[in-house]
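Notes follow once the structure below has been shown.
The values are calculated or read from the model by the stated rules, or taken from the named source; none is laboratory data. This is a predicted model, so every value here is computed, not measured. We place every Cβ from the backbone using ideal geometry, glycine too, and count neighbours over all the protein chains shown.
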Amino acid sequence: MNNSFLILIFVVLCSVRAQELPLFGPGPELFPGLIPGPEVLPPEGDKGVTEQVPITGKTVEGEVPVIYDAYFGKPITLKRRNFLDNVLNGTILCTVAVRPCNKKEGRRVDGTCTNPKYPSRGAEKTPLPRLLPAQYGPGNTLRPARDGSELPSARFLRTSLLGDGYFRDHHFSTLATHFQVASAADNVDLLYLLRYTIVSDCCLGNTPNRVNPLCIPISVPEDDPFLQPAGIRCLNLTRIITYQDVGCLPNSLPAERYSIATPLLDLGLVYGNTELRSRLVRANQGGLLAFRMEGDREVPNGNSPLCLGNSANETSCYNYGDDYQANLLPGIYLTTMWFFREHNRLARRLAKINPCWGDEKLFQTARQINIAEWQYIFYYELMPEILGRKNALEKGIIYETDGYVNDFDPHQEPGVIREYIVGTRWFHTYQPGRLDMYSKKQYQSSISAPLLTLRSGYLANNDSEAQLTEGCYIQPADKFDDYVLAPDLVQRVIPRLRASDVSATDFMRGRDAGFPPYNHYRKFCGLKPAKTWEDLHDTIDPDKVEILSRIYDEVEDVELMVAIYVERFIPGAFLGPTLYCIMVHNLLLWRQSDKFFFEHGGFPAALTIPQLNQIRQTSIARVLCDNGDDVKHIQPAAFFRQGPWNTPVPCQEIKGINLDKWRDRSCTRRK
Ligand code: HEM
């Protein structure tokens, strides 16, 4: 693998994102003489450096930021700074500048002060907390099986346990998958994809490269049911980007994921993850995000260079706050477009109601309402359907109240749990492989979803945005509980590669993350660790257990990600017990560690109770009516399929937010 090329790609990528950070500085492997030792850890008693370190674009006039160590979450120590000075771009890549938290302010774009007790947590570069400590092989290599041998081929596991085909779900619409994948892209970055889709080939000559430590290719059995005729024996894959890669940590510490998205449900896709980026996408008047008209569609400026999938005639690539993630997959760019427009719709309405408000006040208020809607729809409309409403109520994920829910816990550090972001890949199971296009209730055509990767320019083709939008609330999602995935996702999810299997990759990411065996999570989640194969019958059907027992040497070798894919659903929910347990932990963490979660009160920037109760009036159907291209009729529960209980109604009949609750009486007095 050509490391300089890799670094170049990431530096270019970051500069075109107009972020101030080159993402991919060389890791310790590029500095053979620099083998960091325990001195990287903040020594006890070192009070840290609080003088200003110049980090461009992060400061607001007159405020002196404190420089935090991104990984350790503490003000940076002198020793640590000396160490980072020796790593190329170390101070930029491994630190977070935090302006003093201010009791009066609201949510910051850069995620700092999300919990003032841990001010740098919630910013980009926040490490992903884990439910259980990582287990790697020596030098952070992939963990072997208990007897020291390599774990079975992820592709073999996938083809043995899960089939492929097109089966429709009875409940969910494709819109649910769009919203869910956008929620994932809101809190981690997927830049590591470029490592193996553009930069490196770990399957040169069809042979898995086992020498390069960044390569984790998936071997394909000779008799693979689909790839055998083409003679493909290897699926290209590289490891995820870690603090070790960028030089912040030595390899002697467990490999931890490095991500430059704020790990929160904060619409970073729309607003960006840094203050600089947010300033670049603002119109600086009327509280608006910069926009232009593409035909009769309001869209962001469209000259981002990241849409590598655009065809020659597709010229738009939208300048969102996070213009790599937000242009990545169709579900993500449609959803981001709706919430981009929702911001401007809110800002215009607020400006009418409160003519004395200036740009900043309008922008921040529209942003606050928009994020509150985003969180409300995720927590109250989508999650209860997946986890089960009764379960979600019992666990304190949602509440039946018309008041505040003050469950902010200052002892919880903001972040997204590693097991959550890897585990929820299981929802690939309900992603249709082909997206249907509809116009005026008539089916027009379908397009393979992976062919729309990094291709938001497609939306501007004729009526494509309108047709994909209508298609997604009419088209059923793929079936949830059938152990079958769409061929488009498991045979060639990455069109640039000859073959790629999203679920086999999901299994590999569990290994890449160093997750302990499934049995450890069974214990963590209150199930009995399995001693025999039969002990697994409480969560996995006997025929699947039988297949597992043929592939793994012992029950202790069964992996978390594989088990998540084959566990039976718990009552009232659309997922098995372990993923349920993981999701509950993460959803509680998000709401409890985030001072600005929309239901929290008791601080100056909080929504008032009447405002909060307006947020509770909205729905994804309302968001589409207001912002979807040419949406006039929609079913009220739009995450669900249309049917006798959920027939489309005119948009006028779908309730929404009354912005009068944001009326500022002082504007009238001033008049
Ligand atoms: C057009 C449909 C989709 C495609 C083509 C797609 C493809 C991919 C690919 C290629 C990856 C990265 C593989 C790797 O690790 O190297 C990925 C990651 C992921 N996908 Fe999907 N996906 C789709 C829909 C969904 C949906 C509906 C969800 C629902 C939650 C989802 C959740 C995730 C998550 C959570 C990750 C991991 C994110 C991370 O670790 O950074 N995806 N997907």
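So how many residues does region 166-180 have that are crowded, with 22+ Cβ neighbours inside 10 Å, closer than 19 Å to residue 490 by Cβ and out of contact with any Cys (no Cβ under 9 Å at 6 or more places or on another chain)? Counting residues in region 166-180 that are crowded, with 22+ Cβ neighbours inside 10 Å, closer than 19 Å to residue 490 by Cβ and out of contact with any Cys (no Cβ under 9 Å at 6 or more places or on another chain) gives 2.
Inclusion of residue 181 among residues that are closer than 24 Å to residue 373 by Cα, under 25 Å from the mean Cα position of the chain (by Cα), among the aliphatic types (A, V, I, L, M) and within 14 Å of the ligand (Cβ to nearest atom) is warranted. Only one of the numbered conditions (1) part of a helix (DSSP H, G or I); (2) over 21 Å from residue 494 (Cα atoms) is not met by residue 293, and that is (1).
The helices (runs of 4 or more DSSP H) found wholly in region 227-289 include none carrying at least 3 residues that are within 16 Å of the ligand (Cβ to nearest atom), among the charged types (D, E, K, R) and within 24 Å of residue 184 (Cα to Cα).
Hey, does region 518-526 have a residue that's part of a loop (DSSP other than H, G, I, E, B) and away from the ligand (no atom under 16 Å from the Cβ)? Yes: region 518-526 contains one or more residues that are part of a loop (DSSP other than H, G, I, E, B) and away from the ligand (no atom under 16 Å from the Cβ). When 253, 265, 249, 276 are checked against the criterion of being in contact with a helix residue (DSSP H, G or I) (Cβ under 9 Å, 6 or more places away or on another chain) and surrounded by fewer than 19 Cβ atoms within 10 Å (Cβ to Cβ), a single residue qualifies: 253.
Tell me yes or no: at least one residue of region 490-511 is without any contact (Cβ under 8 Å) to a residue 60 or more places away in the chain and within 15 Å of the ligand (Cβ to nearest atom). Within region 490-511 (the criterion being without any contact (Cβ under 8 Å) to a residue 60 or more places away in the chain and within 15 Å of the ligand (Cβ to nearest atom)), the answer is yes, since at least one residue qualifies. In region 356-364 there is no residue that is more than 16 Å from the ligand (Cβ to nearest atom), more than 19 Å from residue 105 (Cβ to Cβ) and assigned to a helix (DSSP H, G or I).
In the list 194, 190, which residue meets the criterion of being under 20 Å from residue 431 (Cα atoms) and either touching a strand residue (DSSP E or B) at 6+ places or on another chain (Cβ under 6 Å) or hydrophobic (A, V, I, L, M, F, W, C) (or both)? From the options 194, 190, the qualifying one is 190. Number of residues in region 184-199 that are near the ligand (Cβ under 7 Å from one of its atoms), assigned to a helix (DSSP H, G or I) and in contact with a helix residue (DSSP H, G or I) (Cβ under 7 Å, 6 or more places away or on another chain) equals 1. Inside region 545-579, residues that are closer than 21 Å to residue 515 by Cα and in a helix (DSSP H, G or I) make up a count of 17.
Per the conditions (1) over 29 Å from residue 464 (Cα atoms); (2) surrounded by 17 or more Cβ atoms within 10 Å (Cβ to Cβ), the sole criterion not satisfied by residue 651 is (1). State which residue is farthest from the ligand (Cβ to nearest atom) when the search covers only region 388-431 and only residues that are in contact with a helix residue (DSSP H, G or I) (Cβ under 8 Å, 6 or more places away or on another chain) and basic (Lys, Arg). Among those residues, the one meeting the criterion is 395. Against the criterion of being among the polar types (S, T, N, Q), surrounded by 20 or more Cβ atoms within 10 Å (Cβ to Cβ) and either at pLDDT 95 or above or more than 30 Å from residue 309 (Cα to Cα) (or both), residue 431 qualifies. Looking at the structure I just gave you, is residue 398 more than 28 Å from residue 282 (Cα to Cα), modelled with pLDDT of 95 or more and not in a helix (DSSP H, G or I)? Criteria met by residue 398. For region 395-406, the set of residues classified as more than 22 Å from residue 180 (Cβ to Cβ) and free of Cβ contacts under 8 Å to residues at least 24 places away in the same chain consists of 400, 401, listed by residue number.
Against the conditions (1) more than 30 Å from residue 633 (Cα to Cα); (2) in contact with a helix residue (DSSP H, G or I) (Cβ under 7 Å, 6 or more places away or on another chain), where does residue 434 fall short? Just the number, please. Residue 434 satisfies every listed condition except (1). When region 417-473 is filtered for residues that are touching a His at 6+ places or on another chain (Cβ under 7 Å) and of a type in the set (A, V, I, L, M), only 417 remains. Looking across region 138-154 at every residue that is in a loop (DSSP other than H, G, I, E, B) and among the small types (Gly, Ala, Ser), the one that is surrounded by the fewest Cβ atoms within 10 Å (Cβ to Cβ) is identified as 148.
The rows are residues; the columns are (1) in the same structural domain as residue 307 (by TED's automatic domain parsing); (2) over 22 Å from residue 579 (Cβ atoms); (3) of a type in the set (A, V, I, L, M).
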position: 113; (1), (2), (3): no, yes, no
position: 117; (1), (2), (3): no, yes, no
position: 135; (1), (2), (3): no, no, no
position: 146; (1), (2), (3): no, yes, no
position: 164; (1), (2), (3): no, no, no
position: 176; (1), (2), (3): no, no, yes
position: 187; (1), (2), (3): no, no, no
position: 191; (1), (2), (3): no, yes, yes
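If you go through region 520-567 and keep only what is among the basic types (Lys, Arg) and either surrounded by fewer than 23 Cβ atoms within 10 Å (Cβ to Cβ) or in contact with a strand residue (DSSP E or B) (Cβ under 9 Å, 6 or more places away or on another chain) (or both), you end up with 523, 528, 531, 544, 550.
Taking region 627-652 as the search range and keeping residues that are part of a strand (DSSP E or B) and of a type in the set (Val, Ile, Thr), which one is farthest from the chain's Cα centre (by Cα)? Out of the qualifying residues, it is 649. Within region 155-172, does at least one residue satisfy the condition of being among the aliphatic types (A, V, I, L, M) and not in a loop (DSSP other than H, G, I, E, B)? Yes; the residues of region 155-172 include at least one that is among the aliphatic types (A, V, I, L, M) and not in a loop (DSSP other than H, G, I, E, B).
List, please: which pairs have Cβ atoms under 8 Å, are six or more places apart or on different chains, and start with a residue in region 525-538 that is closer than 27 Å to residue 583 by Cβ and end with one that is assigned to a loop (DSSP other than H, G, I, E, B) and small (Gly, Ala, Ser)? The qualifying pairs are 536/530.
The residue list 302, 309, 295 contains one member that is surrounded by fewer than 24 Cβ atoms within 10 Å (Cβ to Cβ), over 29 Å from residue 214 (Cβ atoms), within 23 Å of the chain's Cα centre (by Cα) and not hydrophobic (A, V, I, L, M, F, W, C), which is 302.
Taking the listed residues 213, 144, 138, the one that is more than 9 Å from the ligand (Cβ to nearest atom) and touching a Gly at 6+ places or on another chain (Cβ under 7 Å) is 144, with no other qualifying.
Scanning region 568-619 for residues that are surrounded by 21 or more Cβ atoms within 10 Å (Cβ to Cβ) and among the small types (Gly, Ala, Ser), we see that the one that is farthest from residue 116 (Cα to Cα) is 619.
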